[in-house]
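Following: one structure in structure tokens, then a few remarks.
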Amino acid sequence: MESFRIGLIGDTHFTNISPRRRKDNYFATQMGKLDQAIQIFDSAGAQVVLQAGDLCDAPTVANRVKATLIQYLREKNRVVDSVWGQHDVTGHSANTLPNSPIRVLEAAGVVRILTAQPSLIHPGVHLYGASFGEEVPKVQDTNAFNILVTHRMIGDRPLFPGQVLEEPRMFLRAHPDYKLVLVGDYHYPFSERWGDHLMVNCGALIRQSLTDLKFDLRPAVFTVSIPNLTLTRHELKYEPAEAIFDLTSSETKHPGVLERFIEKMLSSKTAMEGWKSILLRVMQDMNVNQEVKDELDSALTEAEGQR
């Protein structure tokens with residue numbers, strides 16, 4: 001097989017609403033990060049760009065966000081192959097995909113939403129997608145070089161006490177027909193190899209909250225050569241934390257509150273997906289701190305998976 005290169009990018013969470021502690025023009029900074037990534041991919045000769053879901057931060061992003069992305073990707077002559085994440089659709093449901101920003105971008109021809117039906121992106125190379133909550137597709141041709149893009153909580157280290165994570169190597173072993181897996185949702189980068197298989201999480205494209213500082217998130221994208229799976233990390237330029245974050249006041253912390261909340265949800269017989277969706281939409285409308293939203297979203301997801 002003739003070698004070619006692919007550009008990999010993680011959760012982008014494009015939005016017109018700036019996280020409370022960011023002092024910059026957040027969307028402009030996001031677009032600057034995307035432009036850096038595309039320039040890197042162009043310089044590396046990447047023929048395909050894969051994105052790991054949560055392209056937008058909410059299904060209610062302003063029209064100017066969608067318009068700017070469409071115009072930019074058209075100018076760069078780039079089409080992004082992506083799956084959708086829970087932030088892309090209302091109620092975390094595939095039923096609302098037709099009314100989502102990512103579907104608008106697909107209709108504009110700058111995004112392709114990947115599905116269980118493979119796309120041929122290079123001779124002998126098949127690309128599959130498993131969006132949030134979807135089953136991993138069964139490979140149709142085991143002799144092909146198969147790639148999967150999926151949005152699911154797979155990580156190499158828990159981000160809070162009691163977090164349930166799917167282990168990268170266990171996933172690769174469970175799905176050996178995929179040579180390369182790009183995964184999103186977990187915002188912190190890692191790569192894992194199992195034999196001649198590779199999983200990559202690029203991490204979030206931009207630092208959203210003080211939690212990202214705590215975990216030393218350094219925005220980056222990756223390029224990978226097919227079929228030898230040579231992986232290269234490309235760190236993006238970013239400003240010092242004090243230049244873009246308000247660090248003058250501290251968050252009020254209540255030790256044990258999150259843990260007690262999880263326990264209450266686990267013991268409840270009435271915990272429902274609808275309740276979770278309503279809470280997340282209310283937090284979005286009230287412009288709740290992204291750090292709080294992420295923690296509650298993770299806690300609710302965990303509770304739902306274990307009750």
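Put simply, of A46, A62, A94 the only residue that is touching a Gly at 6+ places or on another chain (Cβ under 7 Å) and of a type in the set (G, A, S) is A46. Residue count for the stretch 63-93, restricted to those that are in contact with a Phe, Trp or Tyr (Cβ under 9 Å, 6 or more places away or on another chain), of a type in the set (A, V, I, L, M) and farther than 11 Å from V111 by Cβ: 2.
Among the residues of the stretch 92-120, the one identified as on the phi > 0 side of the Ramachandran plot and at pLDDT 95 or above is G109.
Considering every residue within the stretch 32-48, establish whether at least one is assigned by TED's automatic domain parsing to the domain that holds T223 and within 25 Å of E135 (Cβ to Cβ). The answer is yes, given that some residue of the stretch 32-48 is assigned by TED's automatic domain parsing to the domain that holds T223 and within 25 Å of E135 (Cβ to Cβ). Condition first: over 14 Å from F14 (Cα atoms) and buried (at least 24 other Cβ atoms within 10 Å of the Cβ). Now tell me which residues in the stretch 83-96 satisfy that. Matches in the stretch 83-96: V83 only. Against the conditions (1) more than 27 Å from T211 (Cα to Cα); (2) in contact with a helix residue (DSSP H, G or I) (Cβ under 7 Å, 6 or more places away or on another chain), S18 satisfies every one except (1).
Exactly one residue out of V83, V79, V111 is free of Cβ contacts under 8 Å to residues at least 40 places away in the same chain and among the β-branched types (V, I, T), and it is V79.
For every residue, the table says whether it meets (1) in contact with a Leu (Cβ under 7 Å, 6 or more places away or on another chain); (2) modelled with pLDDT of 95 or more; (3) at positive phi.
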| site | (1), (2), (3) |
| --- | --- |
| S3 | no, no, no |
| I9 | yes, yes, no |
| G53 | no, yes, yes |
| R78 | no, yes, no |
| S82 | yes, yes, no |
| Q86 | no, yes, no |
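Residues that are among the β-branched types (V, I, T) and out of contact with any strand residue (DSSP E or B) (no Cβ under 8 Å at 6 or more places or on another chain) within the stretch 1-28 comprise just one, I17.
Consider the stretch 201-232 and keep the residues that are surrounded by 15 or more Cβ atoms within 10 Å (Cβ to Cβ) and free of Cβ contacts under 8 Å to residues at least 40 places away in the same chain. The one that is nearest to L34 (Cα to Cα) is A220. Within the stretch 91-108, residues that are under 20 Å from R74 (Cα atoms) and free of Cβ contacts under 8 Å to residues at least 40 places away in the same chain have Cβ atoms under 6 Å from residues that are surrounded by 14 or more Cβ atoms within 10 Å (Cβ to Cβ) and among the basic types (K, R) in these pairs: V104/K66, counting only partners at least 6 apart in sequence or on another chain.
The values are calculated or read from the model by the stated rules, or taken from the named source; none is laboratory data. Quantities reported herein were computed from a predicted structural model and do not represent experimental measurements. Reconstructed Cβ throughout: ideal geometry from the backbone, glycine too, with neighbour counts over all protein chains shown.
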